[in-house]
Every structure is written in C-alpha cells, then in structure tokens.
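**Student:** Structure incoming, see below.
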Amino acid sequence: MLERASQIALPPVSYVRHNPLAHRARPTPALVDTTPIASRLRDLQPIDFQQVRRTTHEPLFNSLVEEHHYLGYEQPVGEHLKYLVWAQGRPVACMAWSSAPRHIGSRDRYIGWSGEARRRNIRFIAYNTRFLILPWVRVPHLASHILGMVTRGLSDNWAWLYGHPVYFAETFIDPGRFRGTCYRAANWQLLGLTTGRGKNDQTNKPNRAIKEILGLPLTRRFREHLTQL
C-alpha cells in the first residue's frame, strides 16, 4: 500500500515461488454428439443426474464448460461438486457448485446471522458457480427441472463427499445478460444486489458488473442451523 501511494520504493522481486496451479492447462475439447435435441421435457425422460467430482467423467464436465459456457472453466477452490446431466445417452447440461463467498451483505441480512456465526457456518452454504444447458439442446422447462432435481439431492451429495450437509444455496445472475427465469421458476428468491466491488476492493467504488443475488433454502430450519454458535 505504501509503494502504491509512492511513499516508499520496494526493491525488485528476487524470487518467485513456483505455483503449478497458477498456469493450469485448459481442459481438452471433448468429442460429443452435437445433433440438435428439440423436444418436450416429458419426451426427453429419463433424465439422469451424475455427480462427477473425483470420477472418470470429471474431464468431460470440465471440457464442456470450458468450450460452451460464456465464462469458461475455472478450477473451483475449496469444497465443490460437479454434475453432468444425461438424457438419451448424451450429456445435456452441466452444473458446478463450490464453497460460498465469505460475505454478501443481502444474503447475510436475509439469514440474520452474526459475524461469528457466519465465520463458523459459511461452509454450510453452497454457491452455484456454473449452470450450462448445452447449446444444441432446446427443451422448454429443462433448466428449472434440473435445478429442482439437483438441489433436492445437493445436501446428501455434499455430505457424502465432505462429511457435512449444506442448508442453503445461492447464485449470482448478471441482469445485463440473463433474467434468471429458470431459478425463479424453481422457487429461488431474490435476496438483493452485489456492490460491484469484489472481495479485495480497496477503493469502495464499483469495478465490475452489479449482479442479482438469488438464494434457496434447502431445509425449513436453515436459519436455525446457520445462526447457531
């Protein structure tokens, strides 16, 4: 901070620690059938949901998100799950979940927890970081159906992999790009807006797009679980 303020001049960096994760290789493109799928939801059944974290299908998930999601693929940090959704023997969607951001004002006010309770219980919230319906799939109501099915089993899947459940789910929606219709149809609630400053902000001024924050309780007693010390 002193150097940025031109109050001191630091010497050149003499050693840079090697970090193999800083330049991770991008996922290899996957070879999949891209024949268009256009049907009614009931005609697409059965739809299978597969948690692929730490399985042989994880590279396929990574490749599809890298190639077809507008944000590309980023390796999640901390606890996370990855779902592939299959129909007619083909992948039709991808969904990624990770550990929740430490502090979101509107979410924290909605839950009503103290700072100490947040620090203790933030691990019980799952953050939906990616949701992709593959571009050749055109099935009305598929997205909200997937959201409902995945969130019903999310806590059990989390407990199976990490030894504890999750009680609340959240996501961000960029209103400049999306309306979040599928989330609202799946009973997610609008909690508020981000500040647009990011977690490492030092200027108190917006430096990125302001997004809507949507949340979904995964149990009726979510506040009781999240506010306890």
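**Student:** Within the chain, what's the longest run with no chymotrypsin sites (Phe, Trp or Tyr not before Pro) in a DSSP loop and at most 11 other beta-carbon atoms within 10 Å? Give the range, please.
**Tutor:** Answer - 71-229.
**Student:** Using DSSP to define loop residues, name the trypsin sites (Lys or Arg not before Pro) in region 92-134 whose beta-carbon has at most 14 other beta-carbon atoms within 10 Å.
**Tutor:** Qualifying residues, ordered by number: Arg102.
**Student:** Let me ask something else. Between helix 142-162 and the chain, what is the angle of the helix's C-alpha long axis to the longest principal axis, kept within 0 to 90° and rounded to the nearest 10?
**Tutor:** 60 degrees
**Student:** Residues with beta-carbon under 13 Å from that of Arg54, excluding Arg54: net charge, scoring Lys, Arg +1 and Asp, Glu -1?
**Tutor:** 0
**Student:** Pick from Ala169, Ala38, Ala186 the residue whose mean-square fluctuation is largest in a GNM of the chain, springs joining Cα atoms under 10 Å.
**Tutor:** Ala38
**Student:** Do me a favour and compute the ellipsoid semi-axes for region 91-229 from its Cα gyration tensor, root of five times each eigenvalue, largest one first, whole Å.
**Tutor:** 24, 21, 13
**Student:** Report the full-extension gain for the segment Thr227 to Met1: residue separation times 0.36 nm, less the Cα-Cα distance, to one decimal in nm.
**Tutor:** So the extension gain works out to 77.8 nm.
**Student:** Could you pull out every residue, at least 5 positions away or on a different chain, whose amide H is within less than 5 Å of the one on Lys211? Hs are placed 1.01 Å off N in the peptide plane, and Pro or chain starts have none.
**Tutor:** Here Thr194, Gly196 satisfy the definition.
**Student:** For the chain, set up a GNM with springs between Cα atoms under 10 Å and report which of Leu84, Leu41, Leu216 has the largest fluctuation.
**Tutor:** Its mean-square fluctuation being the largest, the pick is Leu41.
**Student:** A further question follows. Using helices alone, I'd like the mean residue ellipticity at 222 nm for the chain: each DSSP H run of four-plus residues gives -39500 (n - 2.57), total over residue count, nearest 500.
**Tutor:** Rounded to the nearest 500, the figure is -7500 deg cm²/dmol.
**Student:** Still on this structure: If R₀ is 30 angstrom, what is the calculated FRET efficiency for the pair Arg177 and Arg138, using the beta carbon separation as r and rounding to 0.05?
**Tutor:** 0.95
**Student:** Pick from Gly148, Gly115, Gly192: which is most flexible by mean-square fluctuation in a GNM of the chain where alpha carbon atoms under 10 Å apart are linked?
**Tutor:** Gly115
**Student:** Calculate, in nm to one decimal, what Glu74 and Arg184 gain on full extension: separation in residues at 0.36 nm each, minus their alpha carbon distance.
**Tutor:** Gain on extension, Glu74 to Arg184, equals 37.0 nm.
**Student:** Give me the dipole magnitude in Debye, nearest 20, for the chain about the Cα centre, with unit charges on the beta carbon: positive for Lys and Arg, negative for Asp and Glu.
**Tutor:** Charge dipole of the chain: 520 debye, to the nearest 20.
We did not get these values from a lab; they are worked out from the coordinates using the rules stated. On a predicted model such as this, the values are computed, not experimentally measured, just so you know. Note: ideal-geometry Cβ built from the backbone for every residue, glycine included; neighbour counts use all protein chains shown.
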